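This report concerns only the one structure given below.
We did not get these values from a lab; they are worked out from the coordinates using the rules stated. What you see is a predicted model, and the numbers here were worked out from it, not measured in a lab. Here the Cβ positions follow ideal geometry from the backbone for every residue, glycine too, while neighbour counts run over all protein chains shown.
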Amino acid sequence: MKFQGYLRPDGRVGIRNTVLILPASLCAADTARIAASQVEGAVTFHNQNGCAQVGNDQQLTMDVMAGMAANPNVYGTVIVSLGCENCQMDLVEEAIRQRTNKPLAKFVIQECGGTIATVERVVRAARQMVQEASSLKRQWFPMSELILGTECGGSDPTSGLAANPLIGQLCDWLVDEGGTAILSETTEFIGAEHILARRAVTPEVGQQIRHIVHRYEDAMRLVGEEVRKGNPSPGNITGGITTLEEKSLGCIHKSGHRPIQAVYDYAKPIDKKGLVIMDTPGHDPSSVAGMVAGGAQVVVFSTGRGTPTGNPIAPVIKITANGFTYEAMKDNLDVDASGLISGAVSMEQMRQEFIEKLTAVCDGEKTKSEILGCTEMAIARLCNYV
């Protein structure tokens, strides 16, 4: 199968064709928001970080910013910096340049004369990029060019029983087509990490899987906390999930059955084909952000309870296998897989429908989150602000 996308100068293929107005820190976020609101075809996000961070924490923010700009769904980027933050303009620009050679413009609020003057200049630059982007035509590409992120949130038992196994079927199909699928949410491997490790292509990859799980648990204990106190969430428990291990056994079904080729740190660029893991939190917006920063052009998201979550860069296809949830959350959910629970459809039939939905979204069909403008965004943190 093939999809229609946009070829970028760095050789990668996007399924959207947007211009990113990128705030380098919290202090530039509202200026970027004001500018983006005036440019049709531009997107932005509220960056809560970028300053008052220690080195490793700042690196996470830098990796997400660079990855968002490099994501193939983005035609070009306009960086907006305050001027005195830790994530200085030259650092952000260099990080982006290391990942991509796409169009880039930059403006510093303290040098432009304040918010109004900066917005005027950012809007002009972004409009010029949008005009350039509009001249591009979609071309046909093999599914091997696709990187698919997978996520589950607001889970209930139908997630582990049906929706996540369906996502696993989709991942198997994409991997067999030569593409890449990402399994995320390290906190939801706990209790099932040994199962994933057995599927690693090498003992070293298996050890990496165990390592990221133990590292996460150790980091929580370092500040006197226990991950099981916050996971499962109240909504998970209300839905019928009783333990983190039970949740993990449902979560890992999203990975399908193919060998695990590699483990990537949060927001690092994905450069291998096949099934891979990214070390992300269970927190949905920050987990999705890490995969999109890693290069995922599209995300599939299972939910038993329902969620409006989207992303400013990549379309998020939301699926539920809970028929009551689908009826209650039709505004937000794209795929009803409840027939798998009732027996009205087979897994093979639902898999084909899901493949067709994924292909349609890659070809330009908008998801519910895109139509509503839901672009929830967060970046993973290591520690408190300084």
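Here are the numbers:
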{"item": "Calculated FRET value between Ser342 and His257, using beta carbons and R₀ = 22 Å, to 0.05", "result": "0.35"}
{"item": "Local net charge near Lys273, Cβ-Cβ under 15 Å (Lys/Arg +1, Asp/Glu -1)", "result": "-2"}
{"item": "Model label zone, Glu245; criterion: amide N under 16 Å from point 7 Å along Cα-to-beta-carbon; scope segment 172-190", "result": "188-190"}
{"item": "Phi to ³J(HN,Hα) by Karplus 6.51 cos²θ - 1.76 cosθ + 1.60 over segment 18-30, Hz, x for Gly, Pro", "result": "9, 10, 9, 9, 9, x, 6, 6, 4, 5, 9, 5, 6"}
{"item": "Per residue, the convex hull volume that the Cα atoms of segment 251-386 enclose (Å³)", "result": "129"}
{"item": "Cα-based convex hull, the chain, per residue volume (Å³, whole number)", "result": "125"}
{"item": "Value at 222 nm in deg cm²/dmol, rounded to 500, when DSSP H runs of n ≥ 4 in the chain each add -39,500 (n - 2.57)", "result": "-12000 deg cm²/dmol"}
{"item": "Computed E for Asp90/His194 - FRET, C-beta separation, R0 45 angstrom, nearest 0.05", "result": "0.50"}
{"item": "Fluctuation leader among Gly256, Gly364, Gly14 - the chain, Gaussian network, Cα springs under 10 angstrom", "result": "Gly364"}
{"item": "Label point distance in nm, Gln128-Thr115, each placed 7 Å from Cα along Cα→Cβ", "result": "2.5"}
{"item": "Largest to smallest principal axis extent of the C-alpha atoms in segment 142-372, angstrom", "result": "43, 41, 33"}
{"item": "Distance (nanometres) between label positions extended 7 Å along Cα→Cβ at Lys366 and Lys272", "result": "3.8"}
{"item": "Interchain or long-range residues, amide H under 5 Å from Cys152's placed H", "result": "Ser302"}
{"item": "Calculated diffusion of segment 118-205, Stokes-Einstein form, Kirkwood radius summed over Cα pairs, 37 °C and 0.692 mPa s, µm²/s", "result": "194"}
{"item": "By average C-beta atoms within 10 angstrom, highest first, the peptides 274-284, 205-215", "result": "274-284, 205-215"}
{"item": "Selected from Leu170, Leu222, Leu148 as most flexible by GNM, with the chain as the system and alpha-carbon contacts under 10 Å", "result": "Leu222"}
{"item": "Inverse mean reciprocal Cα-Cα distance (Kirkwood Rh) of segment 18-134, Å", "result": "13.7"}
